[in-house]
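Have a look at the structure below before the remarks.
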Amino acid sequence: MTSVLLVHEVSLWRASLACLMSKDRDLTVRTTDKGGVRPAMAECPADILVTDLDCPDSLEVLTYAESLRHPADHGTALVVLARGDRAGDLRRASDAGARGYIDKFGPVDNLCEVVRKVAAGGRHIDQSLAFGLLQASEVPLSARELRVLALAAEGESVSSIANALHLASGTVRNYLAAAIRKTGARNRLDAIRLSREFGWL
């Protein structure tokens, strides 16, 4: 049996996706929002972590997933539901070590199939997301700059971003300044606007 932890902020989506995956007898599915990820993993580590990159707090989930890549991890693999027009999201998922990329607007049958494939040690990228992943490699902002800018876009203050990412406030300001410079923006809000237009956020 493959244990799956599904992380989604929208309760209806969470229940629907869990119902879909639970029909596969090879999968044992638990669900949570982003606040319950760490407790759920501490109680019973999952083989597969599934999350939707459109969720407002997906950045925090990706940050946690990336921490699982260290030698002390539980071997948990990351599968993401994504859109091909959001290169920044795909870049962050790639940096977090995602091994499965599912087009959230694709056929529903793909979800269980991809989860099983990744659990067996494989990788999967839906064809419709391949071009977006190529574009993601061309995003001029670094992974850390994207993370800082994404949190700023959610209305977080410099001190809140620093606490969330375990950085000094001055370092956060430096990342924001770099993002503004690389996007050719006038200020932080303009950098957020341009990054959204380009599909990086």
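Summary table below
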quantity	calculated
Test: residue in segment 150-173 that is in contact (Cβ under 8 Å) with a residue 40 or more places away in the chain, open to solvent by 20 Å² or more (accessible area, probe 1.4 Å) and of a type in the set (Lys, Arg)	no
Segment 135-149, residues that are open to solvent by less than 20 Å² (accessible area, probe 1.4 Å), more than 17 Å from PRO56 (Cα to Cα) and of a type outside the set (Gly, Ala, Ser)	VAL139, LEU141, GLU145
Positions within segment 104-135 being closer than 17 Å to LEU20 by Cα and within 17 Å of the chain's Cα centre (by Cα), in sequence order	LYS104, PHE105, LEU111, VAL114, VAL115
Single condition TYR101 does not satisfy, out of (1) modelled with pLDDT of 90 or more; (2) among the hydroxyl-bearing types (Ser, Thr, Tyr); (3) over 30 Å from SER22 (Cβ atoms)	(3)
Which numbered condition ARG144 fails, given (1) under 30 Å from ALA177 (Cα atoms); (2) without any contact (Cβ under 8 Å) to a residue 24 or more places away in the chain; (3) basic (Lys, Arg)	(2)
Checking SER16 against (1) of a type in the set (Ser, Thr, Tyr); (2) within 15 Å of the chain's Cα centre (by Cα); (3) in a helix (DSSP H, G or I), the condition it does not meet	(2)
Scan of segment 174-189 for residues that are open to solvent by 40 Å² or more (accessible area, probe 1.4 Å), of a type outside the set (D, E, K, R) and in a loop (DSSP other than H, G, I, E, B), ordered by number	GLY184, ASN187
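Residue-by-condition table, conditions (1) of a type outside the set (Ser, Thr, Tyr); (2) at pLDDT 90 or above; (3) in contact with a helix residue (DSSP H, G or I) (Cβ under 6 Å, 6 or more places away or on another chain):
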residue	(1), (2), (3)
VAL7	yes, yes, yes
LEU27	yes, yes, yes
LYS34	yes, no, yes
PRO45	yes, no, no
VAL50	yes, yes, no
SER58	no, no, no
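The values are calculated or read from the model by the stated rules, or taken from the named source; none is laboratory data. Keep in mind that this is a model prediction, so the values were computed, not measured. Please note: Cβ atoms are built from the backbone with ideal geometry, for glycine as well, and neighbour counts cover all protein chains shown. For accessibility, only protein heavy atoms count, side chains too; no ligands or nucleic acids. Shrake-Rupley method; radii C 1.70, N 1.55, O 1.52, S 1.80 Å.
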